[in-house]
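Student: Next up is a structure, given as structure tokens.
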Amino acid sequence: MSEDSKKVSNNDLRNSQLGGGLIDADTVYVGKNGGDINNYNVVVNPRPTLTRQEYRNRQALLAKVKNFWIKGVLEKSLYHQVLIELGLEERPDAIPHPLSEITEIDEDSPLPLREGTKVIDIFDEIGTGATLLILGEPGSGKTTTLLKLARDLIARADQDPNQLIPVVFNLSSWAKKRQTIADWLVDELNSKYDVTKKIGEALVKKQQLLPLLDGLDEVKSDYRDDCITQLNEFKQNSGVELVVCSRIKDYEALSNRLNFQQAVCIRLLTSKQVGHYLDSVGADLIGLRTLIAKDKVLQELAQSPLMLNIMTLAYQGVAVEDLPRTDVVEERRKQLFDAYIKKMFKRRKTNQRYNKGQVKHWLIWMAQRMVKESQTVFLIEKMQPSWLINGKQKRIYRLMEVLMGGLMLGLMVGPMRGLKEGLKGGLMLG
């Protein structure tokens, strides 16, 4: 064996498999005939070369994830204009530790990570086969953090066909059938990304996906523990890399835990970060800035990036004496959302077809139906007749369905019969 053939680059090892498990090392040595591990470098076979069709399928899926989640959601998110660098901390208490029974581990205290640490950095430090849990308060930026990770992983996958395909899924839909995670992934690929079940099964079976799973807390509460059980079994049986997001309080309330390698939590915004954000917006926020400096309720709400952004939209140009005040957090939150809704209606054109009451009525209806159907992203093609509330609406739908069917049949049969009779008459005259 030549010296060149004995050498294996770090990237080759990072993207290779041995006995079904991924390995990650700078150098691996083995001895001759099972001898000491000190003589020769091992050349490990990389992932199988993709066929031309498999490569096209891969690129098509990457493009769909990028267009919908990165360009369509992340780059248009509420935080896009002034990006807040969210702080992270380790949460070792959120995941079980195999050695905890024989080694005393202080699991109660969160461990702040250095400023500027990104989720992609944590993911890389875990290494090949990484499993990561991302926790946070409502509105803290969990989905945004997950999509930033997806963006960085997609950039790598675009350049290197040996990299796994990062695909974003929302776990809320798992509760409808409560199937194995592998089967659920195939169904989601088919319904959300238009990937045929045959191709989806191949992607899952060959472990070519890196599932990024948002919204564990959006799974119906009765089934969350079961969902964790399925995720743990999927991880144990396949050894895939996996990322899951959840609200921290909903996760802590569960009796089950994810058997993941690491858990991090998004930290609430500091007063310094809030001040920097308000200074960076560049809008008329003198009233909000003045009130927030002395209003503890408003300060508490502003710790959430989502609520802070809503504040800047709702209270832009409002004088401090005109801002509502209350010592009750829930009442303050209601006032804030009412002001935000009014501000959003003012952005609409004056010649809209529907009035405010109609818009609010149907938005509430749609939100309720989405919750019932375990949907978090509204897609008009996912609306079904089952969404109709009462018998009258369902009868009207069935009548329209019959009329449309009859019309389509008439449009198809009429011209065909006319063409047939025309040809017949023409031949007879001829």
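Student: Only one of Cys245, Cys227, Cys265 is at pLDDT 95 or above, of a type outside the set (Asp, Glu), closer than 23 Å to Thr128 by Cβ and open to solvent by less than 70 Å² (accessible area, probe 1.4 Å); which?
Tutor: Answer to the check: Cys245.
Student: Which of (1) within 19 Å of Ile134 (Cβ to Cβ); (2) within 15 Å of the chain's Cα centre (by Cα) does Ile181 not meet, given it meets every other one?
Tutor: Of everything listed in (1) within 19 Å of Ile134 (Cβ to Cβ); (2) within 15 Å of the chain's Cα centre (by Cα), Ile181 misses just condition (2).
Student: Can you name the number of the only condition in (1) over 21 Å from Gly129 (Cβ atoms); (2) of a type outside the set (A, V, I, L, M); (3) open to solvent by less than 50 Å² (accessible area, probe 1.4 Å) that Asp160 fails?
Tutor: Condition (1) is where Asp160 drops out.
Student: Which condition number does Thr180 fail, the rest of (1) among the polar types (S, T, N, Q); (2) surrounded by 19 or more Cβ atoms within 10 Å (Cβ to Cβ); (3) modelled with pLDDT of 95 or more being met?
Tutor: (2)
Student: Quick one: count up the residues across segment 289-309 that are touching a helix residue (DSSP H, G or I) at 6+ places or on another chain (Cβ under 8 Å) and open to solvent by 10 Å² or more (accessible area, probe 1.4 Å).
Tutor: Total meeting the criteria: 8.
Student: Could you check segment 184-219 and list, in sequence order, the residues that are touching a helix residue (DSSP H, G or I) at 6+ places or on another chain (Cβ under 7 Å), buried (at least 16 other Cβ atoms within 10 Å of the Cβ) and more than 15 Å from Ile165 (Cβ to Cβ)?
Tutor: Trp184, Asn190, Asp214, Gly215, Leu216, Asp217, Glu218, Val219
Student: Here's something else I'd like to know. In segment 252-262, how many are touching a residue at least 60 places away in the same chain (Cβ under 8 Å), open to solvent by less than 80 Å² (accessible area, probe 1.4 Å) and either under 19 Å from Gln303 (Cβ atoms) or not aromatic (Phe, Trp, Tyr) (or both)?
Tutor: The total comes to 4.
Student: Return the total of residues in segment 229-281 being hydroxyl-bearing (Ser, Thr, Tyr), over 21 Å from Val119 (Cα atoms) and in contact with a helix residue (DSSP H, G or I) (Cβ under 9 Å, 6 or more places away or on another chain).
Tutor: Result for segment 229-281: 4.
Student: When residues of segment 274-288 are filtered for being open to solvent by 50 Å² or more (accessible area, probe 1.4 Å) and either part of a loop (DSSP other than H, G, I, E, B) or at pLDDT 90 or above (or both), how many remain?
Tutor: Residues that pass the stated criteria total 2.
Student: I'd like to know if segment 377-395 contains one or more residues that are open to solvent by less than 70 Å² (accessible area, probe 1.4 Å), at pLDDT 80 or above, more than 30 Å from Leu171 (Cα to Cα) and in a helix (DSSP H, G or I).
Tutor: No - not one qualifying residue is present in segment 377-395.
Student: All but one of (1) among the acidic types (Asp, Glu); (2) surrounded by fewer than 17 Cβ atoms within 10 Å (Cβ to Cβ); (3) under 17 Å from the mean Cα position of the chain (by Cα) hold for Glu125, so report the exception by its number.
Tutor: (3)
Student: Go through segment 197-223 and give me each residue that's over 12 Å from Leu185 (Cα atoms), in contact with a Leu (Cβ under 7 Å, 6 or more places away or on another chain) and not in a loop (DSSP other than H, G, I, E, B).
Tutor: Asp214, Leu216, Glu218
Student: Related question: Whether any residue in segment 165-177 is of a type in the set (Gly, Ala, Ser) and farther than 16 Å from Leu216 by Cβ is what I want to check.
Tutor: no
Residue-by-condition table, conditions (1) within 17 Å of Phe123 (Cβ to Cβ); (2) in contact with a strand residue (DSSP E or B) (Cβ under 6 Å, 6 or more places away or on another chain):
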{"residue": "Ala155", "(1), (2)": "yes, no"}
{"residue": "Trp184", "(1), (2)": "no, no"}
{"residue": "Asp187", "(1), (2)": "no, no"}
{"residue": "Glu201", "(1), (2)": "no, no"}
{"residue": "Leu210", "(1), (2)": "yes, yes"}
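Student: Against the conditions (1) under 21 Å from Thr144 (Cβ atoms); (2) out of contact with any strand residue (DSSP E or B) (no Cβ under 6 Å at 6 or more places or on another chain); (3) at pLDDT 95 or above, where does Asp214 fall short? Just the number, please.
Tutor: With (1) under 21 Å from Thr144 (Cβ atoms); (2) out of contact with any strand residue (DSSP E or B) (no Cβ under 6 Å at 6 or more places or on another chain); (3) at pLDDT 95 or above applied to Asp214, the lone miss is (2).
Student: A follow-up question, please. Applying the selection to segment 254-273, what residues are of a type in the set (S, T, N, Q) and not in a loop (DSSP other than H, G, I, E, B)?
Tutor: Across segment 254-273, the qualifying residues are Gln262, Ser271, Gln273.
Student: Within segment 131-151, how many residues turn out to be over 13 Å from Val65 (Cβ atoms), open to solvent by 10 Å² or more (accessible area, probe 1.4 Å) and not small (Gly, Ala, Ser)?
Tutor: Total satisfying the criteria: 7.
Student: Which residues, taken from segment 289-331, are closer than 14 Å to Ser271 by Cβ and assigned to a loop (DSSP other than H, G, I, E, B)?
Tutor: Result: Ala293, Lys294, Asp295, Ala302, Gln303, Ser304.
Student: Oh, and also: Which of the following residues is surrounded by fewer than 17 Cβ atoms within 10 Å (Cβ to Cβ), at pLDDT below 75 and closer than 26 Å to Lys148 by Cβ: Leu99, Leu83, Leu111?
Tutor: Unique residue meeting the criteria: Leu83.
Student: Continuing with the same structure: Of (1) within 20 Å of the chain's Cα centre (by Cα); (2) in contact (Cβ under 8 Å) with a residue 40 or more places away in the chain, Leu268 satisfies all except one. Which?
Tutor: (1)
The values are calculated or read from the model by the stated rules, or taken from the named source; none is laboratory data. None of these values were measured; they are calculated from a predicted model. Here Cβ is always computed from backbone atoms with ideal geometry, including for glycine, and neighbour counts include all displayed protein chains. Note: accessible area is taken over every heavy atom of the protein model, side chains too, but ligands, DNA and RNA are not part of it. Shrake-Rupley method; radii C 1.70, N 1.55, O 1.52, S 1.80 Å.
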